[in-house]
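Chemist: Got a structure for you, written out below as structure tokens; questions coming shortly.
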Amino acid sequence: MLNIPCPWCGLRSEVEFSSGGESEVIRPLDPLKKSDHEWSDYLFNRTNKKGWHVERWYHIHGCRKWFHIERNTITHEIRSSWPITEKHPEGNLSVSYSDREQ
Amino acid sequence: MTRYSALNLFQKSRDGHKGWPEAWRKPAPKSSYDIVIVGGGGHGLATAYYLAKNYGINNIAVLEKGWIGGGNTGRNTTIIRSNYLWNESAHLYELSLKLYEKLSQELNFNIMLSQRGVINLAHSQSEMHEVTRRVSAIRLNGIDSEVLTPDQIKSLIPIINLSSKSRYPILGGSIQRRGGVARHDAVAWGFARAADNLGIDIIENCEVLSVSTSNGIVRSLETTRGCIGAKKFGFVVSGHSSVLAEKAGFRLPICSQPLQALVSEPLKPFFDVVLMSGTVHVYLSQSDKGELVLGAGTDKYNSYSQRGSLSVIEEMMSASLELFPILSRLKVMRMWGRIVDICPDASPIIGNTPLRNLYINCGWGTGGFKATPGSGYVFAHNIATGEPHNLAAPFSLDRFAKGKLIDEHGAAAVAH
Amino acid sequence: MKKQPFRVEGLGDIERNRPIMFTFNGKTYTGFKGDTLASALLANGVILVGRSFKYHRPRGIFGVGVDDPNALVQIGVHGRSTPNERATTTEIFEGLIAKSVNVWPSLRYDILAINNSFSSMFPAGFYYKTFMWPASFWPIYEYFIRKAAGLGTVPKFEDPDTYEKKYVHYDLLIVGGGIAGLVAAHVSAKAGNRVILADERANLGGSKFNSEVTINNKPVKKWVSDIESELESIGDCMVLKRTTAVIHSDHNFVVLREKIIKPNNHSSHTMISQRLWKVRAKSVIYATGALERPMVFQNNDLPGVMLGSAVTDLIHRYGVCPGKNVAIAGNNASIYTLAEDLKACGANIVALSDSRKKSDNNENLAFDSEFPVFMGQAPICAFGKKKIRSVSFGPVNIDTAISQNKDDKKIDCDLLCLSGGYDPNLNLIAQAGGSVSFDTEVSSFNCQSIPKDIFLIGAAAGNFDLQDTISKSLNIVKKIIKQNGTSVFPDIVYQTKGSKSLNAVSPVWYVQSKKSNNKQFVDLHNDVTVSDIDLSVREGYKSIEHFKRYTTSGMGPDQGKIANVNALGILSKKIDINPQSIGTTRFRPPYTPITFGALAGRDLGDLAEPIRITALNVWHQESKAVFENVGQWKRPWYYPKNEETMEAAVNRECKAVRKSVGIFDASTLGKIELVGPDAGELLNRIYINRFDDLKVGSCRYGIICGDDGMVIDDGVTSRLEDKRWLMTTTTGNASKVFHWIDEWLQCEWPELDVFLTSVSSHWSTITIAGSNARNVLLELAGDVDVSNSSFPHHTWKIIKIFGVVARVFRVSFTGELSYEINIPSRYAHSLWESIISIGERYDITPFGTESLHTLRAEKGYIVVGHETDGSVTPDDIGFGWMMRKRKDFIGHRSLSRESIIGEKRPQLVGLLPETYIPEGAQVLSDEISGSDKQSIGHVTSSYNSPSLGIPIALGLIQGGRSLIGSNIRIIGPSNSMSVNAKIVSHCFYDPNGDRLNV
């Protein structure tokens, strides 16, 4: 039972949230110009990291905000969380809206 | 191979069973093989066995990072059935079920296949329509399946709660009578023993550290037991498919998620079928030892931890007691999680990869155990010939780019 | 009252003035308040309590806690009949009925004890090697195997009790109320931390309970009770007895199971029987102690062989000394304390063996004159049939003893106490992610690495010195308190006296036997012997997990609590690999079994899943509607009149709509308000069709796809104001679609200025449908012009009905002139009743979901979930024309993939079957597919059409639109169900839509 740090509400039990999967999934800005392979890479392929994993969660039974967390998929330890449109605190990951291809 | 039989058991009992040999050897890895299979679970061992048996290839190693059968083969709820909606799936799982039906004799290892019938429940009008659709489609594929009325269900499971006041009333269901359960460890051990007997090296405690590739082919694998080369490679590593694919340089449409199950303390026989309910995410059967085996739905987040969240178990338990109120005072003896490869369409991936001599078999989600022999059978064909077996062709990795998904979300009692 | 022959005067902590009568295997016995079933049985001299799982060997009580592998009983009757309860953890109450499990016809004369005689045929894994011929016989073999297996029986009646759950948050959770746990709780609570302390037994004090130890010059019992009352007086401190920590999950989430003991434990009233505590703690301290392990030798399972710690506990807690002539065997200092305890209750000690060459402080010399003390020896064989009669000892060679057979000297005894060393109780810390390593000093596993914010103290930490344990505990608590922001550490001293520490243990893993078929039990519960380990090794099942699975060692209800380390030690000897390299099997929850009911809690019956009802539910109920479960909703399915059949009711309801007017509760539809300047653009991206050009006052039907291009929902969206829109979704997908749009908005398009609000239950929706619908509306509309020209199809208007603002949408799902009146839910009931009375002259007829679906099927309208199944595109269901061509929307790119534009796509068509055929039936055609077995599609909806008087159906058929006019065959789920049908257009009724636009 995870205890998830919502950036707005603080630590809350997992049952208040729903998981949105990995944050690194970036939807192409102009999908109609993408090849079948590029499109299916976005649609289906996942890095599915073993270890530190950046993912997004939705505080569905709380403040209804989406946000990112960095969680270890082996130990379930969570080391950071930040709002959905902001960059990763250490700035080394392309996971937020503002990082998207323009 | 020393034959397993009642007579032999009797004879060997006279000297304290000193005469039984190792079920499979513990060879040191050679530096190269014709084929290396990575993953010593049921699927990997079956693949090696059928490669040797059907294609006469014996210079094969199966590499297992821990102990064989230690992944999902050894942690599942052992349900076997072939009542799948789409033709592609039905044919593949039916091949597997047919192989299972002869497997104890073929491997000379009692896998205790118990074809006691698998029942799926319907709790609403729309689920009844779904039952009709499935049964009709399954029967057209030559696979046994019947619609059941609530009374028929009651006669098969006398302890079920048929009250219309139940939060999950039972409007009917379906049964595949040839479905059932088997002893999971025995499937791995039986394939291992038979494969070993055909000359295949089963190498345990051998973890793949890196994959060496050049010019679009895999050259060798760096393992904890040295570098091992081969002409062809097969990856069959449920739960860790993405990790290994990344080492080989490609991506998969897979998420690894925990799937939990539990057993009760042993009880005298009271539950003679396998029961599944998709709405309430639960499946139940009673093992030959007397434990009630309950499986839950997946936890909805990525994990490699082999444990899940209590809330999933709590929901599964409340659903189970709604169906069977008299089980309330039973006790959970052991609960566990395993890591399953979840594909977007809940169907497996079998076939070629971007690397020409590397083949992959993964993505079985919550239902890989039932496919073990069939999966090995078609994957062996794929590796031996380089071309997918016709039953496996629809399950190729490139179906995702083409949009030719085989959506089996309704097939398991688990909605992914 | 009958005398209890093994009860010792003056000892124990039971209430001797409160006798309790109970029944075991049909015989009545007396115990005392405070007894467990095990202690009461032993006090009465009941040695034989059960049979083993496989060989049905006689078994007695072996341990006195959760570790006992033998004394499993069925307790209670009727709905409270509980299988596989431990006699050792069951407190007796007046009228308790218990019986042994898995014996037939009786415990004393058990038929399957014959298995013991043929045990050489049943070595580990024998079933893998046989029962294969003839192949068809397996079900028969299996029948008998199943019958022989299993323990207790499933109750025949529903459980009358209830179970509670409770969530709590604490600074510190301490598991284990022994001295170490109590000290930690006391100090941290005094420092102002919020503390919860749980112990599985009825009394605190752990292994030192009621012993000779003193703390701060108080006898330990007095000290414990003083500390307990002090803790209870501190507001933020909670002490839970009879409460076991069973699961340690992520982020210090610990599940405790509390047994609730009521005086009238057999009353017929509903009681709370257990409580599941879900604790989230900043820090967790495990003070879970250690479990003693037995020694492995021939017949070590005979009734009358017990763990030494169990006997100590019986003496101190219950005043029971379960033997008169006692032999003691061990490999550590604890046996000398035990000998003193036994002497104190007047037992005659017949012999003591200490496998070490030398005891720690020459304790052996003190006893040498009183009874034989065998140094460097261990038990070789126990003798007896249904209980122990004598035991032989022999010398130990390194860490195994060797059976001497001939020279074995039998020493008579009726109790043999064993101490094979202590295993720190690490189950929970391992669940929490701690790793363990083998410590040769104590010949057991110790915790090597501990996750953050979890701590281990006392014997669980491998510390068997009481004073040292206390000082280490204090240091740990200091650290925790500091972390929790308290800087003042209470200055409390805990000085103990009279406690003996336990030093090195020299293992005696097993006794080498010359017999081939030995009965040296490693796992008593599952009847795993040393020869099973031999076989497992011989056959190559050497990895600890293979070994466990092959021999079943550690897989019983006790999960090998006292077996696992011995099994590992023996395996290690046999394969000559050190225990550390072999490792352990994975510790899994729960620590002790948890009741199903406790996990389900109150989430049963109507609380199993929320029940959703509309504001009109009372009316539907009063009108005797038959309800249908749709997701969590209860929706009126049809309204039978005068015992009508469903078919007759639906027929009547449909005809009323087609002929005059019907009324329908559509409140369950999902409703989402989108407000903001970019709402139109958001809708453009969500729907496959354009929305931003929709005029205020108009409505438009739209389809929603996932990004994979498959239809996920549909509905009508209306523009309420320039920047305010109302979207409707299907009932089943209401919340899913809402959250899904929210995800796109927050994660993908945060630049869009739109605000979403779910208004599904704020507004109730009453639909009036039929040619007389306008006449009914006229009477509600006041001076609002509702004529066709001023209020045409697919527009909406605000109408004040009885002074209440209603939004009236002219949309139709029946094909008739139809208005959906949205009104704040609190007015819904009265509006509905007004409409019913206004409509009386038109014979207004309430209709349910079945009629709605029938009417829409006549029109060929799709229902998401019927005509779609997650693998259907807009074009498949005939809406390809609706998609925007050049602009992106969700799913657009997916719809141009290879397989999506192929010709073999399933396409929605109408079907005219000769007779009714159930939904889901498969469509065949020799002509089209060239095979009479190959399905070309399936029936998605099927009804007897009341308007047309014939059966109609919708279906998805491969290339169906080009097959209109073809004859096909439809096959249902049984052989007899086969009808011919013709493919037609999917609209059966009023194809031009004239009735919509009147």
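Chemist: Pick from the stretch C:500-538 the residues that are among the charged types (D, E, K, R) and buried (at least 23 other Cβ atoms within 10 Å of the Cβ): which of them is nearest to the other protein chains (Cβ to nearest Cβ)? Talk me through it step by step, then tell me what you get.
Modeler: Looking only at the stretch C:500-538, we keep the residues that are among the charged types (D, E, K, R), and these are C:500, C:514-515, C:519, C:523, C:527, C:532, C:534, C:538.
Among the residues that remain, those that are also buried (at least 23 other Cβ atoms within 10 Å of the Cβ) are: C:523, C:527, C:532.
Values: C:D523: 14, C:D527: 12, C:D532: 9 Å.
My answer is C:D532.
Chemist: With the condition being aromatic (F, W, Y) and within 14 Å of chain B (Cβ to nearest Cβ), I'd like the strands (runs of 3 or more DSSP E) fully within the stretch C:58-176 carrying at least 2 qualifying residues.
Modeler: Details: elements: C:58-60, C:72-75, C:82-86, C:96-100, C:162-175.
The qualifying strands (runs of 3 or more DSSP E) are C:162-175.
Chemist: Which one of C:S267, C:S273, C:S283 is at pLDDT 95 or above and of a type in the set (G, A, S)? Lay out the reasoning, then the answer.
Modeler: Working: C:S267 fails: at pLDDT 95 or above; C:S273 fails: at pLDDT 95 or above.
Going through C:S267, C:S273, C:S283 in turn, just one is at pLDDT 95 or above and of a type in the set (G, A, S): C:S283.
Chemist: While we're on this one: What's the number of the condition B:G173 fails, among (1) closer than 24 Å to C:P139 by Cβ; (2) part of a helix (DSSP H, G or I)?
Modeler: Answer for B:G173: the failing condition is (2).
Chemist: Pull up the stretch B:105-126, narrow it to residues that are within 17 Å of the chain's Cα centre (by Cα) and not in a loop (DSSP other than H, G, I, E, B), then point me to the one that is surrounded by the fewest Cβ atoms within 10 Å (Cβ to Cβ). Explain how you work it out, then say what you get.
Modeler: Of the residues in the stretch B:105-126, the ones within 17 Å of the chain's Cα centre (by Cα) are B:111-115, B:118.
Pick out the ones that are also not in a loop (DSSP other than H, G, I, E, B) and you get B:114, B:118.
On the way: B:S114: 23, B:V118: 26.
Checking each candidate, the answer is B:S114.
Chemist: Which ones in the stretch B:354-384 are in contact with a Phe, Trp or Tyr (Cβ under 8 Å, 6 or more places away or on another chain), more than 28 Å from B:R75 (Cα to Cα) and not small (G, A, S)?
Modeler: Of everything in the stretch B:354-384, those that are in contact with a Phe, Trp or Tyr (Cβ under 8 Å, 6 or more places away or on another chain), more than 28 Å from B:R75 (Cα to Cα) and not small (G, A, S) turn out to be B:P354, B:L355, B:N357.
Chemist: Restricting to the stretch C:878-912, and then to whatever is in contact (Cβ under 8 Å) with a residue 40 or more places away in the chain, touching a Pro at 6+ places or on another chain (Cβ under 7 Å) and away from chain B (no Cβ under 14 Å), can you tell me which residue is surrounded by the most Cβ atoms within 10 Å (Cβ to Cβ)?
Modeler: C:M883
Chemist: Here's another thing I want to ask about it. Would you point out the residue of the stretch A:60-80, among those that are in contact with an Asp or Glu (Cβ under 6 Å, 6 or more places away or on another chain) and in a loop (DSSP other than H, G, I, E, B), that is nearest to the other protein chains (Cβ to nearest Cβ)?
Modeler: Looking at residues that are in contact with an Asp or Glu (Cβ under 6 Å, 6 or more places away or on another chain) and in a loop (DSSP other than H, G, I, E, B), I get A:H76.
Chemist: Still on this structure, please answer the following. How many residues does the stretch C:838-852 hold that are touching a residue at least 40 places away in the same chain (Cβ under 8 Å), surrounded by fewer than 20 Cβ atoms within 10 Å (Cβ to Cβ) and not in a loop (DSSP other than H, G, I, E, B)?
Modeler: 2
Here is a yes/no grid of residues against (1) touching a residue at least 24 places away in the same chain (Cβ under 8 Å); (2) not in a loop (DSSP other than H, G, I, E, B):
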| position | (1), (2) |
| --- | --- |
| B:D272 | yes, no |
| B:T279 | yes, no |
| B:S285 | yes, yes |
| B:V293 | yes, yes |
| B:Y301 | yes, no |
| B:E315 | yes, yes |
| B:L321 | no, yes |
| B:M333 | yes, yes |
| B:G337 | yes, yes |
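Chemist: Turning to a different aspect of this structure: Going through C:L599, C:L604 one at a time, which residue ends up being closer than 30 Å to C:G556 by Cβ, of a type outside the set (V, I, T) and free of Cβ contacts under 8 Å to residues at least 60 places away in the same chain?
Modeler: Numbers: C:L599 fails: free of Cβ contacts under 8 Å to residues at least 60 places away in the same chain.
Only one candidate passes the filter, namely C:L604.
Chemist: Next question, about the same structure. Does the stretch B:70-84 contain at least one residue that is within 14 Å of another protein chain (Cβ to nearest Cβ), within 24 Å of B:A296 (Cβ to Cβ), of a type in the set (F, W, Y) and touching a helix residue (DSSP H, G or I) at 6+ places or on another chain (Cβ under 8 Å)?
Modeler: Yes.
Chemist: Can you tell me which residue is nearest to the other protein chains (Cβ to nearest Cβ) among those in the stretch C:924-938 that are part of a strand (DSSP E or B), more than 21 Å from B:K404 (Cβ to Cβ) and not small (G, A, S)?
Modeler: If we take residues in the stretch C:924-938 being part of a strand (DSSP E or B), more than 21 Å from B:K404 (Cβ to Cβ) and not small (G, A, S), then C:K933 is nearest to the other protein chains (Cβ to nearest Cβ).
Chemist: Specify the residue that is surrounded by the fewest Cβ atoms within 10 Å (Cβ to Cβ); the eligible residues are those in the stretch B:305-340 that are more than 8 Å from chain C (Cβ to nearest Cβ) and within 18 Å of the chain's Cα centre (by Cα). Spell out how you get there, then give the answer.
Modeler: As a first pass, look at the stretch B:305-340 and keep what is more than 8 Å from chain C (Cβ to nearest Cβ): B:305, B:308, B:311-312, B:316, B:323-324, B:337-340.
With within 18 Å of the chain's Cα centre (by Cα) added as a condition, the list becomes B:337-340.
Numbers: B:G337: 24, B:R338: 21, B:I339: 26, B:V340: 27.
For the stretch B:305-340, the residue satisfying everything is B:R338.
Chemist: Just the residues that are within 46 Å of the chain's Cα centre (by Cα) and surrounded by fewer than 18 Cβ atoms within 10 Å (Cβ to Cβ), please, taken from the stretch C:942-966.
Modeler: C:N944 - this is the single residue of the stretch C:942-966 that is within 46 Å of the chain's Cα centre (by Cα) and surrounded by fewer than 18 Cβ atoms within 10 Å (Cβ to Cβ).
Chemist: Let me ask another. Is it fair to say C:A504 is farther than 23 Å from C:F118 by Cα and assigned to a loop (DSSP other than H, G, I, E, B)?
Modeler: Details: farther than 23 Å from C:F118 by Cα: yes; assigned to a loop (DSSP other than H, G, I, E, B): yes.
Criteria met by C:A504.
Chemist: Give the stretch B:40-68 a look and list any residue that's farther than 23 Å from C:K548 by Cβ and either free of Cβ contacts under 8 Å to residues at least 40 places away in the same chain or within 14 Å of chain C (Cβ to nearest Cβ) (or both), or say none.
Modeler: B:G56 - this is the single residue of the stretch B:40-68 that is farther than 23 Å from C:K548 by Cβ and either free of Cβ contacts under 8 Å to residues at least 40 places away in the same chain or within 14 Å of chain C (Cβ to nearest Cβ) (or both).
Chemist: So, one more: Considering every residue within the stretch A:32-52, establish whether at least one is of a type in the set (D, E), within 11 Å of another protein chain (Cβ to nearest Cβ), surrounded by 18 or more Cβ atoms within 10 Å (Cβ to Cβ) and touching a residue at least 24 places away in the same chain (Cβ under 8 Å).
Modeler: No, there is no match, as no residue in the stretch A:32-52 is of a type in the set (D, E), within 11 Å of another protein chain (Cβ to nearest Cβ), surrounded by 18 or more Cβ atoms within 10 Å (Cβ to Cβ) and touching a residue at least 24 places away in the same chain (Cβ under 8 Å).
Chemist: May I pose another question? So is C:D869 in contact (Cβ under 8 Å) with a residue 24 or more places away in the chain and out of contact with any strand residue (DSSP E or B) (no Cβ under 7 Å at 6 or more places or on another chain) or not?
Modeler: Values: in contact (Cβ under 8 Å) with a residue 24 or more places away in the chain: no; out of contact with any strand residue (DSSP E or B) (no Cβ under 7 Å at 6 or more places or on another chain): yes.
Judged against the criteria, C:D869 is not a match.
Chemist: Let me ask something additional. Select from the stretch C:225-241 the residues that are surrounded by 14 or more Cβ atoms within 10 Å (Cβ to Cβ), under 33 Å from the mean Cα position of the chain (by Cα) and in a loop (DSSP other than H, G, I, E, B) and list them in ascending order.
Modeler: C:K241
Chemist: Which condition from (1) within 11 Å of another protein chain (Cβ to nearest Cβ); (2) at pLDDT below 95; (3) within 27 Å of C:R893 (Cβ to Cβ) is the one that A:W57 breaks?
Modeler: (2)
Chemist: Now for a separate question. Please state which one of C:I20, C:I61 is at pLDDT 95 or above, within 20 Å of C:Y109 (Cα to Cα) and of a type in the set (A, V, I, L, M).
Modeler: Numbers: C:I20 fails: within 20 Å of C:Y109 (Cα to Cα).
Step by step, each of C:I20, C:I61 is checked, and only C:I61 is at pLDDT 95 or above, within 20 Å of C:Y109 (Cα to Cα) and of a type in the set (A, V, I, L, M).
Chemist: Is it the case that some residue within the stretch C:468-482 is out of contact with any Pro (no Cβ under 6 Å at 6 or more places or on another chain) and more than 21 Å from C:L173 (Cα to Cα)?
Modeler: Keep residues of the stretch C:468-482 that are out of contact with any Pro (no Cβ under 6 Å at 6 or more places or on another chain), which gives C:468-482.
Filter again for more than 21 Å from C:L173 (Cα to Cα), leaving C:468.
Yes, that holds for at least one residue.
Chemist: Here's a follow-up. Scanning the stretch B:356-390 for residues that are part of a loop (DSSP other than H, G, I, E, B) and buried (at least 20 other Cβ atoms within 10 Å of the Cβ), which turns out nearest to the other protein chains (Cβ to nearest Cβ)?
Modeler: Step one: of the stretch B:356-390, the residues part of a loop (DSSP other than H, G, I, E, B) are B:356-357, B:363-368, B:386-390.
Next cut, buried (at least 20 other Cβ atoms within 10 Å of the Cβ) only: B:363-368, B:389.
Details: B:G363: 11, B:W364: 15, B:G365: 14, B:T366: 16, B:G367: 18, B:G368: 17, B:H389: 20 Å.
If we take residues in the stretch B:356-390 being part of a loop (DSSP other than H, G, I, E, B) and buried (at least 20 other Cβ atoms within 10 Å of the Cβ), then B:G363 is nearest to the other protein chains (Cβ to nearest Cβ).
Chemist: Also, I was wondering about something else. Go through C:L604, C:L599 for me and flag whichever is out of contact with any Pro (no Cβ under 7 Å at 6 or more places or on another chain) and crowded, with 23+ Cβ neighbours inside 10 Å. Don't jump to the end; show me each part of the working.
Modeler: Values: C:L604 fails: crowded, with 23+ Cβ neighbours inside 10 Å.
None of the others qualify; the one that does is C:L599.
Chemist: With (1) part of a strand (DSSP E or B); (2) crowded, with 18+ Cβ neighbours inside 10 Å; (3) touching a helix residue (DSSP H, G or I) at 6+ places or on another chain (Cβ under 9 Å) as the list, and C:R969 as the residue in question, which single condition is left unmet?
Modeler: (2)
Residue-wise test of (1) within 21 Å of C:V716 (Cα to Cα); (2) outside the structural domain of C:V650 (by TED's automatic domain parsing); (3) not charged (D, E, K, R).
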position	(1), (2), (3)
C:F802	no, no, yes
C:V805	yes, no, yes
C:V808	yes, no, yes
C:I835	no, no, yes
C:R841	no, no, no
C:G865	yes, yes, yes
C:W881	yes, yes, yes
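The values are calculated or read from the model by the stated rules, or taken from the named source; none is laboratory data. Keep in mind it's a predicted model, so treat the numbers as computed, not measured. Positions of Cβ are generated from backbone atoms using ideal geometry, with glycine treated the same way; all protein chains shown enter the neighbour counts.
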